[in-house]
Amino acid sequence: MSLHIVILAAGQGKRMNSALPKVLQPLGDRPLLRHVVETAQALAPAAIHVVYGHGGERVQQALADMPVRWVQQAEQLGTGHAVAQAIGDIPDQARVLVLYGDVPLVRANTLNHLVSAADNGALALLTVVLADPTGYGRIVRDDDNRVQRIVEERDADSAERHIHETNTGLLCAGAAALRDWLSRLTDDNDQGEYYLTDCIALAAADGVPVTAGQAASEAETQGINNKLDLSRAERLFQRRQADALMAAGLTLRDPARFDLRGVLRAGRDTEIDVDVVIEGRVILGDNVFVGPHVVLKNCRIENDTRIESHSVVEGATIGARCAIGPFARLRPDTVVADRAKIGNFVETKKTRLGEASKINHLSYVGDARIGRDVNIGAGVITCNYDGLSKHETIIEDGAFVGSDCQLVAPVTIGREATIGAGSTVTRNAPAEALTLSRVRQSTVAGWQRPSKKTTK
């Protein structure tokens, strides 16, 4: 029996107070809806149907790379109406699993159990017991503990409001039966909407077994309705990622102060300090240390390298046994060879730094090729932009560039060359020679500094 998954993503999300559709709000730097679709894909369904409404064009663009079937709900007339828009293209013999685009933390394993519970014509739903069920639909059972119906809080009487087992909205049933129940729904309720949850009562009345399985945790079924919910889900999501990484051997100084907004692969004995943000795809080798308040984005860092505090590494590749930072910024297309050092308040861009070379502090090096064993002093600038085009600076093996130098590209510093401190280099500097460009120093004897006139 094939599985079709329907994801409801048409809500406006007014309580978000945002121009961004609710299902596109970021969780771990990815839209809520993408999380749900990715989890759905893990079940290998025949098709995933996403019901969209508000902000439909933006929603489709955000998930343009994902294999989903888009279904428009032109009018938002309730969850039952939303599912009805999608079910027309689903074969009668299929099972239908209904998910929500704003419930991003549900696990694939939980959904597999839910789908299995819908075998043999049963209707399976996922419930959760809440200490405070305020705002949620209640699960009403008969004297034999069989599920009879779900009542929304606004429609519940006093006794029903004391029930703590609540509806998550997630259910699975045969397509033919679900199609029949949807056709029999009415909008006779406080909201004037067609509730998907009313299918439970119809199933019970038809003698269809209703199986209710409870989620392992409240967090797994948490819906996102406002920014407070979103922030709580972010912490839950981050802790889930942190736990998985630590189980694989990563050391986190404080898992509660860890932010992974992409994919991280870390080797053995690697350690990450507090308040590190990881974006995109990041690969860390063995015995790498990442200091506090570091940002890593789409980069690769090899074995035994240290990234000291407050550094930003984006789109860079760093070799083994390197030292980076503190307060360094490595911009895209920076490639650092083994045993090299980029120190405090150094910025690089589109630069190749050779093995054992050093840029220790307070320098900008952009559009440069630097050889082995090069030492670049404090305050050095590669002047790579002439106002129209970028130009390259080449510094060959063993060169020494003194402090406070400007290398005006295009320019080449030869092998084992020395550039005297304070020089502005506009022409190629020959190998194994000292190149200087300083204004001659002079002293004016008896010179008096001007003084301010005092007024009475």
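General remarks:
- When residues of segment 303-343 are limited to those that are part of a loop (DSSP other than H, G, I, E, B) and of a type in the set (A, V, I, L, M, F, W, C), the one nearest to the chain's Cα centre (by Cα): Ala316
- Within segment 344-363, the set of residues being surrounded by fewer than 20 Cβ atoms within 10 Å (Cβ to Cβ), in a strand (DSSP E or B) and not charged (D, E, K, R) comprises Asn344, Asn360, His361.
- Listed conditions (1) in contact with a Lys or Arg (Cβ under 9 Å, 6 or more places away or on another chain); (2) among the hydroxyl-bearing types (Ser, Thr, Tyr); (3) modelled with pLDDT under 95 are all met by Thr305, apart from (3).
- Counted as qualifying within segment 378-423 are the strands (runs of 3 or more DSSP E) with 3 or more residues that are touching a residue at least 24 places away in the same chain (Cβ under 8 Å), namely 381-383, 393-395, 406-408.
- Annotation for segment 398-412: no member residue is at pLDDT below 95 and farther than 29 Å from Ile283 by Cβ.
- Members of segment 181-214 that are among the acidic types (Asp, Glu) and either surrounded by 15 or more Cβ atoms within 10 Å (Cβ to Cβ) or in a helix (DSSP H, G or I) (or both): Glu193, Asp198
- Single residue of Gly280, Gly262 found to be in a strand (DSSP E or B) and in contact with a Cys (Cβ under 9 Å, 6 or more places away or on another chain): Gly280
- For segment 371-388, the criterion of being in contact with a Cys (Cβ under 6 Å, 6 or more places away or on another chain) and in the same structural domain as His293 (by TED's automatic domain parsing) is satisfied by at least one residue.
- Residue list for segment 217-229, restricted to those being surrounded by 14 or more Cβ atoms within 10 Å (Cβ to Cβ) and either within 22 Å of Ala108 (Cβ to Cβ) or without any contact (Cβ under 8 Å) to a residue 12 or more places away in the chain (or both): Glu218, Ala219, Glu220, Thr221, Gln222, Gly223, Ile224, Asp229
- Search result, residues across segment 19-54 that are part of a loop (DSSP other than H, G, I, E, B), free of Cβ contacts under 8 Å to residues at least 60 places away in the same chain and not hydrophobic (A, V, I, L, M, F, W, C): Pro21, Pro45, His54
- Filtered residue count, segment 76-119, keeping only those that are part of a loop (DSSP other than H, G, I, E, B) and more than 32 Å from the chain's Cα centre (by Cα): 9
- Of the residues making up segment 188-208, one or more are among the charged types (D, E, K, R), assigned by TED's automatic domain parsing to the domain that holds His49 and more than 27 Å from Gln76 (Cβ to Cβ).
- Selection over segment 54-76 of residues that are buried (at least 16 other Cβ atoms within 10 Å of the Cβ), touching an Asp or Glu at 6+ places or on another chain (Cβ under 9 Å) and more than 24 Å from Leu3 (Cα to Cα) gives a count of 0.
The values are calculated or read from the model by the stated rules, or taken from the named source; none is laboratory data. Being a predicted model, the structure only gives us computed values, none of them experimental. Glycine gets a Cβ as well: all are built from the backbone with ideal geometry, and neighbour counts include every protein chain shown.
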